[in-house]
């Protein structure tokens with residue numbers, strides 16, 4: 001009798017596990033929404049995106065997904081923990097999650113999921129909560145990448161003990177992902193993170209895409225010649241694309257430079273400032289799109305594998321990037337800022353059992369919401385360490401009445417040219433306070449910058465080319481936004497109580 005009961009329990013558990021959805025979470029680096037094609041914009045007719053389009057046609061696209069700290073390590077930490085940087089303690093770069101800190105892999109593992117991460121990790125210490133990992137040391141390299149497992153682990157960016165794989169990194173990471181999934185226990189659901197290095201600088205690409213766009217002149221962004229305060233009213237210099245041109249020159253001349261770039265040398269001598277910026281932009285955007293084309297190739301391979309296995313209908317597929325990226329907008333490259341190009345996270349999700357294809361969602365979704373969604377699909381409605389919320393009902397067209405109408409953002413890695421700041425964005429307006437203090441964060445500059453406010457009306461100024469903080473017609477709106485900013489900081493308990501300099505600054509600003 002006991003044996004019969006145990007048999008029934010086993011069968012019941014087996015049935016429960018096999019009906020739980022698999023989760024394939026594909027994460028790229030910096031693959032900004034303008035380079036996806038499905039969000040429109042000047043690059044939509046140029047990017048290679050047939051498989052991203054396929055996902056969008058068969059799933060749902062988020063129009064307003066945002067990161068809470070637009071830089072690699074912190075965004076990845078938020079995706080894993082559902083927490084802001086001041087809670088998970090990954091503020092800048094080369095910082096690990098605290099030992100023993102909760103994350104979605106640990107949580108789903110307890111639910112019977114097989115958990116794995118392959119590709120870019122970028123959280124310095126050995127991954128926790130994953131049954132299997134095979135990850136790049138730091139940024140890793142684009143060609144013949146080295147990856148490291150538990151058996152050959154060294155902390156940080158060290159990779160000499162890892163295993164080298166021949167080929168282009170995006171192809172290799174996909175190969176390893178499919179190989180691992182083939183070996184999985186088919187009686188249990190999986191949570192698989194497939195994390196590409198692409199499209200991170202130096203924006204390299206496989207030889208098959210080397211000729212893409214050679215005969216094209218790519219349209220320029222409206223704000224390519226935004227040169228700072230006297231043109232737009234912004235309060236800082238930013239990472240201007242001329243700096244990228246200088247990197248190309250140094251990489252050409254110095255074999256010990258931190259990276260190499262494709263297509264060098266790329267001469268920029270004897271050009272005036274306008275010609276130079278235009279020429280730098282063309283190389284940046286073409287290399288970026290070539291790199292992105294390899295991502296699209298491999299998304300197709302992953303989708304084909306799910307079809308071949310017969311598990312596509314019961315597998316949630318998510319493709320997103322850890323943040324956005326400037327491709328010449330404001331004359332910038334890189335990310336970090338609360339401006340739209342950097343703040344936005346492109347995101348598409350396919351789950352045939354529950355999500356109707358070809359749909360768009362306008363609700364404000366944050367990266368801290370992602371693990372709550374995954375936990376919800378795994379059968380967990382509440383997880384106590386999440387600051388974010390599941391948006392499963394939103395995806396079904398049933399947005400809760402109390403869903404957020406604004407989002408809170410904070411960037412910590414201060415430099416005078418890109419000051420530390422926090423702010424809020426709602427459906428129309430954006431307010432940011434560039435407080436300009438390093439607060440002894442790892443990698444932050446000790447040189448402070450003067451505190452300054454920026455305000456944008458995204459309806460009338462969607463490209464954010466006019467800082468309207470001193471426009472009297474917005475005084476009432478700005479005061480309301482400042483009040484709401486204070487409420488968001490209280491809500492998430494981000495109050496700077498341990499930083500005396502911040503208390504002084506915030507008291508002066510009445511925050």
277, 54 arranged by Cβ crowding within 10 Å, fewest neighbours leading: 54, 277
D (Stokes-Einstein, µm²/s), Kirkwood Cα radius, region 284-401, 1.306 mPa s at 10 °C: 96 µm²/s
Normalised by the residues of region 412-508, what does the relative contact order come to in percent, with Cα pairs under 8 Å and at least six apart? 21 percent
Gained length - residue 183 relative to residue 360, 0.36 nm times residue gap less alpha-carbon distance: 60.2 nm
Hull surface over four for the Cα convex hull of the chain, reported in nm², is 25.6 nm²
Kirkwood-Stokes translational diffusion coefficient of region 412-508, alpha-carbon pairs, 20 °C, 1.002 mPa s, µm²/s: 150 µm²/s
Over the chain, the sum of -39500 (n - 2.57) across DSSP H runs of at least four, divided by residue number and rounded to 500 deg cm²/dmol, gives at 222 nm -9500 deg cm²/dmol
Convert 37 °C to kelvin, take the viscosity as 0.692 mPa s, use the Kirkwood radius over C-alpha pairs of region 32-106 as Rh, and evaluate the Stokes-Einstein diffusion coefficient in µm²/s, rounded to a whole number. 227 µm²/s
Antiparallel content of DSSP bridges confined to the chain, in %, to 5: 55 percent
What's the extension gain from residue 153 to residue 446 if we count 0.36 nm per residue and subtract their Cα-Cα distance? 102.2 nm
Between the Cα axis of helix 273-309 and the main Cα principal axis of the chain, the angle (0 to 90°, nearest 10) is 10 degrees
Using 7 Å Cα-to-Cβ label points, what is the residue 308/residue 401 separation (nm, one decimal)? 5.0 nm
Length gain on complete extension for the stretch residue 487 to residue 86, per 0.36 nm per residue less the alpha carbon to alpha carbon distance? 142.7 nm
Calculate, in whole percent, how much of the Cα-Cα pair population of region 16-145 lies beyond 17 Å. 67 percent
Taking 45 Å as R0, compute the FRET efficiency from the Cβ-Cβ separation of residue 260 and residue 461 and round it to 0.05. 0.70
Counting other C-beta atoms within 10 Å, which of 78, 449 has the fewest, and how do the rest follow? 449, 78
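Each reported figure results from applying straightforward, stated rules to the coordinates on display, with no laboratory input. Because the structure is predicted, anything quoted here is derived from the model rather than measured. Using ideal geometry, Cβ is built from the backbone for each residue, glycine included, and neighbour counts are taken over all protein chains shown.
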